[in-house]
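Down below is the structure, laid out as structure tokens.
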Amino acid sequence: MNIRPNENELITEVDEKNIILGLRPRIDFEKGRRIHRSSYLLILDLKGRMLLQKRSLKKKWHPGKYTFPVAGTVANETYKACMHREVKEAFNKSLKFKKLFDYKHFDKVDKAFKRVFMTEIDCNDIDLNSDYANSYRWITRKKLEAELEMNPQKYAPPFVTGMQIFP
């Protein structure tokens, strides 16, 4: 299914210091000329594996690439409120999470300040929503690091940047 976001949805625009400038329609951000905010959730299972999502081929930014299992653009809300909204959309439930770190990633198509949250769960406690992502997979940190080294093109560039910062 993977419904494309509403192009007229109002997204928070920020400047190069991450100061809010106002709201703009989502479509205004699609050429990478304006800066926005994004929230990501890193999910670890009790064995220490990470959950990844493979983005839908219908996504405007980084289609078909692996990334954080939950990701969202901040739309007239806080980073945390965005993450609560996205978790509900992804898994049809609420999850407790904590702030992990912030970073910025500016490339040709996506200029954003990113906030990464983290949660640890029993992998049997969530239902992976096939409407939210093309697919999901669990991966060890060691295997992910090797894949990022050998095949970084399989991953969304903001995810690669984030994993370089992940403690």
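The values are calculated or read from the model by the stated rules, or taken from the named source; none is laboratory data. What you see is a predicted model; the values in this text were computed from it and never measured. Note that we place each Cβ from the backbone using ideal geometry, even for glycine, and neighbour counts take in every protein chain shown.
List, please: which pairs have Cβ atoms under 8 Å, are six or more places apart or on different chains, and start with a residue in the stretch 96-112 that is more than 19 Å from E86 (Cβ to Cβ) and end with one that is polar (S, T, N, Q)?
K104/N18
I'd like the full set of residues that are acidic (D, E) and in contact with a helix residue (DSSP H, G or I) (Cβ under 7 Å, 6 or more places away or on another chain), limited to the stretch 78-112.
Listed by number, the residues that qualify are D107, D110.
So, in the stretch 90-116, exactly how many residues are of a type in the set (F, W, Y) and over 22 Å from I19 (Cβ atoms)?
Count: 2.
Looking at (1) at pLDDT 95 or above; (2) surrounded by 11 or more Cβ atoms within 10 Å (Cβ to Cβ); (3) over 17 Å from the mean Cα position of the chain (by Cα), can you tell me which one K17 breaks?
(2) is the only condition that K17 fails.
Would you please name the residue that is surrounded by the most Cβ atoms within 10 Å (Cβ to Cβ), looking only at residues in the stretch 47-85 that are of a type in the set (D, E, K, R) and under 17 Å from A112 (Cα atoms)?
In this case the residue turns out to be K59.
How many residues does the stretch 113-127 hold that are out of contact with any helix residue (DSSP H, G or I) (no Cβ under 7 Å at 6 or more places or on another chain), touching a residue at least 40 places away in the same chain (Cβ under 8 Å) and not aromatic (F, W, Y)?
6
When the stretch 121-136 is examined, which residues are found to be surrounded by 14 or more Cβ atoms within 10 Å (Cβ to Cβ) and not aliphatic (A, V, I, L, M)?
If the condition is that a residue be surrounded by 14 or more Cβ atoms within 10 Å (Cβ to Cβ) and not aliphatic (A, V, I, L, M), then C123, N129, Y132, N134, Y136 are the ones that fit.
For the stretch 140-165, give me each residue that is among the hydrophobic types (A, V, I, L, M, F, W, C) and either surrounded by 15 or more Cβ atoms within 10 Å (Cβ to Cβ) or touching a Gly at 6+ places or on another chain (Cβ under 9 Å) (or both). Let's see the steps before the verdict.
Of the residues in the stretch 140-165, the ones among the hydrophobic types (A, V, I, L, M, F, W, C) are 144, 146, 148, 150, 156, 159-160, 163, 165.
Once the filter is applied, which keeps residues that are among the hydrophobic types (A, V, I, L, M, F, W, C) and either surrounded by 15 or more Cβ atoms within 10 Å (Cβ to Cβ) or touching a Gly at 6+ places or on another chain (Cβ under 9 Å) (or both), the stretch 140-165 yields L144, L148, A156, F159, V160, M163.
Residue check: is N129 out of contact with any strand residue (DSSP E or B) (no Cβ under 8 Å at 6 or more places or on another chain) and part of a loop (DSSP other than H, G, I, E, B)? Spell out how you get there, then give the answer.
Numbers: out of contact with any strand residue (DSSP E or B) (no Cβ under 8 Å at 6 or more places or on another chain): yes; part of a loop (DSSP other than H, G, I, E, B): yes.
Yes; evaluated as a whole, the condition is true for this residue.
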